[in-house]
Amino acid sequence: MSIEERLARLEAESEIRKLKARYLNACDAKDVAAVRACFTEDPKIDFTGMGQFTLDQLIGIFTELAVTTQIADSHHGHNAEIEVLSADSAKARWNLGFSTFDPRGNSFRVMSMFYYDEYRRTSDGWRISVSCTEARTVVEGRLEAGSVTGALLVPPPAPAA
């Protein structure tokens, strides 16, 4: 691989990391326009436990569940394994740590999951064209006076044999 090809690959990886950070930060900031701008016009979106969505459907559910409520979310994407497939396509697996708190009922959810994303370079830069999640662990609970109660909804995966 030439120096130019290696540099182009590193630049693509950097831009994809920035894109994913922009997406996760936009979710936490409840910024609908910024969330929408992270995707291609026709993405495939399949989020564990929520369903499959078009971009407009994702924006609708995001607006309903996050933007118009007092719910506070925190998305932490890390351990990116990015594979640049060509000058205009790439894929990645990300590990996501997610927590949310709903003050209306003092309820919380803590999750870990994998994102499996695909990316396309567009005239506006890299965009997410496919985003699917796989839940690893899910804990839901409630904060009550003097205690915290919770339940493990999705247990962690069994250790490899």
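The values are calculated or read from the model by the stated rules, or taken from the named source; none is laboratory data. What you see is a predicted model; the values in this text were computed from it and never measured. All Cβ positions, glycine included, derive from the backbone under ideal geometry; neighbour counts span all protein chains shown. With ligands, DNA and RNA removed, areas are computed over all heavy atoms of the protein, side chains included. Shrake-Rupley method; radii C 1.70, N 1.55, O 1.52, S 1.80 Å.
Things to note:
- Net charge over other residues, Cβ less than 15 angstrom from the Cβ of Q57 (K, R count +1; D, E count -1): -3
- Per residue, the solvent-accessible area of the chain (1.4 Å probe, heavy atoms of protein chains only, all protein chains present) comes to 58 Å².
- Candidates K18, K30, K91, ranked by Gaussian network fluctuation over the chain, Cα under 10 Å, top entry: K18
- Accessible-area composition of the chain, carbon plus sulfur, in percent [1.4 Å probe]: 54
- Helix-only [θ]222 nm of the chain, DSSP H runs n ≥ 4, -39500 (n - 2.57) each, per residue, nearest 500: -8000 deg cm²/dmol
- Largest first, the residues V138, V110, V32 sort by 1.4 Å accessible area into V110, V32, V138.
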